[in-house]
Amino acid sequence: MYVAVKGGERAISAAHAWLDETRRGDPALPELTVAQIEQQMPLAVDRVMAEGSCHDRFLAALAIKQAKGDLIEAAFLLRAYRTTLPRFGVSEPLETNAMRIRRRISATYKDLPGGQVLGPTYDYTHRLLDFALAAEGSDRAEAPQAEVPAGAVPRVTELLAREGLMQREEATDAEPGDLTREPLAFPAARPVRLQNLARGDEGFLLALGYSTQRGYGGNHPFVGEIRVGHVTVEFTPPELGFPIELGEIGITECQMVNQFKGSRTEPPQFTRGYGLTFGHGERRAMSMALVDRALRATELGEDVTAPAQDHEFVLYHSDNIEATGFVEHLKLPHYVDFQSELENLRTIRAALAREAMQEAAE
Amino acid sequence: MAVLARASGEEIAALMPELPAHERLRAPETGLVMVRGRAGGDGNAFNLGEMTVTRCAVRLGETVGHAYVAGRDKRQAELAAVLDAALQDPARRDALMAAVIAPLATRQTASRDADARRAAATKVEFLAMQTTR
């Protein structure tokens, strides 16, 4: 039952005006530009693009500004905006092997072809607040450059697969399911699971990945390889009929190497957990890879005992835009619902009181 | 087209002050392309997420030019479509390649090289450990 509620318009419009004012902050300070956010908060931009499931650095930066830095709200804004745009088609699958690498590390091999390239990383920093950053206009040293070594940078998983120690991925021409077109259904195929995880909430993925390490469906992972860099996106316009380059996007890829005790048809070998995300997001890609591997439990004949291995639990709760929508909808008027609950409770309490009086009388 | 896809509309326009007269077959329009990855890097394809793309189609004399470029720069898409058509004309091709494409390509290569050189400087040389022992 709905009861028309009117009378909030003036309050709402005043609330919005105040919201704008609080976004701007102290007017004596210069206003933050979208370009500044895009350039100087690149990791926030990357996260919003990943969770908003839409690669556009400027739009993500604008969303961050509009959302006053609330990254889930910003991802929501980006997701909403994408629904206003037509879909031209789908890209060719990214060739991450041909990535223009900024960072590439492996925790399984010290010396490997292509080497360990640290790139612009926070690893090995001391996590001490740098007060020099509080001073404006301080000069930063330019990053050094060195001769680029020749030679290929092969995948670690490929090195293992060549020895027969790494399970090969199933590679067919199957058309993957698309969550933007069809709702999630179970059992969910791996491509759909990967799409779901790729846009999942980083905190949720991190906590689930962490839970697998702490024994909830442990899969004993090693970081086979993390790659951060740029890949070319190719697309075949229907009117041309051949693939053209749309440009480059930044991505992060993580290949987790996990034990697998083998099955009746397969010898003991390593298996993969895979993480891929827009921008520079190592924590995100690693967490995704851990959860991807945990979700493969059933197909690898492992017992499903932990939350991270439970398809419905993981895939239904990973999306922070759906989650925030359902949690925050509790703020909306539930006056009628609540009146009925109240009525119910009063009736029960009255009945109990009557019974108690009767018992006392007897 | 790969070079034009990586250049901004402003950059292209600066190298091509006189835009040849053309007819818009499809005005610049922004939409989305679903970007795909592969499970494990080399397995079955999956949908990673979308990216904004702007397309444009023009007619230049008898020739049709098409452009699809990452992002929402409509000027870039239109200039790329015009150049796509113009570059199919053998009479204009060499001049345009030299005046527009080559300088953009040089700039892009320089930026990519600088990135690769910065990455190379962060490559770990484990041998250094042994020499200090």
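Applying the Karplus relation 6.51 cos²θ - 1.76 cosθ + 1.60 with θ = phi - 60° to the stretch A:106-122 yields 3J(HN,Hα) values of 9, 9, 9, 10, 6, 9, 9, x, x, x, 9, 10, 6, x, x, 10, 7 Hz, where x marks Gly and Pro. Within the stretch A:302-361, none of the chymotrypsin sites (Phe, Trp or Tyr not before Pro) combine a DSSP coil assignment with at most 13 other C-beta atoms in a 10 angstrom radius.
Spatially, the stretch A:155-202 and the stretch A:4-56 are offset by 35 Å when compared through their Cα centroids. The per residue volume of the convex hull around the alpha-carbon atoms of chain B is 171 Å³. Couplings 3J(HN,Hα) of the stretch A:34-41, computed from phi: 4, 5, 5, 5, 4, 7, 9, 10 Hz, in residue order, whole Hz [Karplus 6.51 cos²θ - 1.76 cosθ + 1.60, θ = phi - 60°; x for Gly and Pro]. Only alpha carbons enter this Debye calculation for the stretch A:226-327, each as an equal point scatterer, and the log10 of I(q)/I(0) it gives at q = 0.23, 0.25 Å⁻¹ is -1.12, -1.20.
Database remark: amide H of A:ARG87 closer than 5 angstrom to the amide H of B:LEU32 (H placed geometrically; neighbours at sequence offset of 5 or more, or on other chains; Pro and chain starts carry no H). Taking every residue in A:100-109 and counting other chain Cβ atoms within 10 Å of its Cβ, the average works out to 2. Over all pairs of different C-alpha atoms in chain A, the reciprocal of the mean inverse distance, the Kirkwood hydrodynamic radius, equals 24.3 Å. As a proxy for reagent exposure, B:LEU83, A:LEU179, A:LEU330, A:LEU43 were ordered by neighbouring Cβ count within 10 angstrom, fewest first; the result is A:LEU330, A:LEU43, A:LEU179, B:LEU83.
Counting Cβ atoms of other protein chains within 10 Å of each Cβ in B:107-119 and taking the mean gives 4. Loop-located chymotrypsin sites (Phe, Trp or Tyr not before Pro) in the stretch B:37-133 (DSSP state other than H, G, I, E, B) with a sparse environment of at most 16 neighbouring Cβ atoms within 10 Å: B:PHE126.
Which shape class, rounded, prolate or oblate, goes with the stretch A:270-329 when its Cα gyration tensor gives a ≥ b ≥ c as root eigenvalues, a/c under 1.5 marks rounded, and past that a/b bigger than b/c marks prolate? Taking the square roots of the gyration eigenvalues as a ≥ b ≥ c, the stretch A:270-329 is oblate. If only the Cβ of Lys and Arg carry +1 and only the Cβ of Asp and Glu carry -1, the dipole of the stretch A:113-269 around its Cα centre is close to 900 debye. Put the Cα centre of the stretch A:302-323 next to the Cα centre of the stretch A:62-76 and the gap is 26 Å.
GNM remark for chain B: springs join alpha carbons under 10 Å apart, and the peak mean-square fluctuation among B:ALA39, B:ALA80, B:ALA95 falls on B:ALA39.
Neighbouring Cβ atoms from other chains, within 10 Å of the Cβ of residues in B:6-13, number 1 on average. Taken over the C-alpha atoms, the stretch A:10-82 has Rg and Dmax values of 12.9, 38 angstrom.
So if I place +1 on the C-beta of Lys and Arg and -1 on the C-beta of Asp and Glu, and nothing else carries charge, what would the dipole magnitude of the stretch B:2-132 be about its Cα centre? I want it in debye, nearest 20. List each step's numbers first, then the result.
Values: 17 positive and 16 negative charges, 56 e Å.
The calculated dipole for the stretch B:2-132 is roughly 260 debye.
Close amide H partners of B:GLU50, meaning residues 5 or more places away or on another chain with modelled amide H under 5 Å apart, are A:CYS54, A:HIS55, B:VAL35.
When A:SER53, B:SER8, B:SER111 are ordered from fewest to most other Cβ atoms inside 10 Å of their Cβ, what list results? Could you put the intermediate results ahead of the total?
Details: A:SER53 26, B:SER8 15, B:SER111 11.
By the 10 Å Cβ count, ascending, the order reads B:SER111, B:SER8, A:SER53.
Among the GluC sites (Glu not before Pro) in the stretch B:1-38, those placed in a DSSP loop whose Cβ has at most 10 other Cβ atoms within 10 Å are B:GLU18.
Calculated [222 nm] ellipticity per residue, helices only, for the protein assembly as shown: -12000 deg cm²/dmol; basis is -39500 (n - 2.57) per DSSP H run with n ≥ 4, divided by all residues, nearest 500. Peptides A:256-263, A:83-90, A:200-207, A:170-177, ordered by how many other C-beta atoms sit within 10 Å of their residues on average, highest first, read A:200-207, A:256-263, A:83-90, A:170-177.
Coordinate-derived values only; no laboratory data. Nothing here was measured: the structure is a model prediction, and the numbers come from that model. Positions of Cβ are generated from backbone atoms using ideal geometry, with glycine treated the same way; all protein chains shown enter the neighbour counts.
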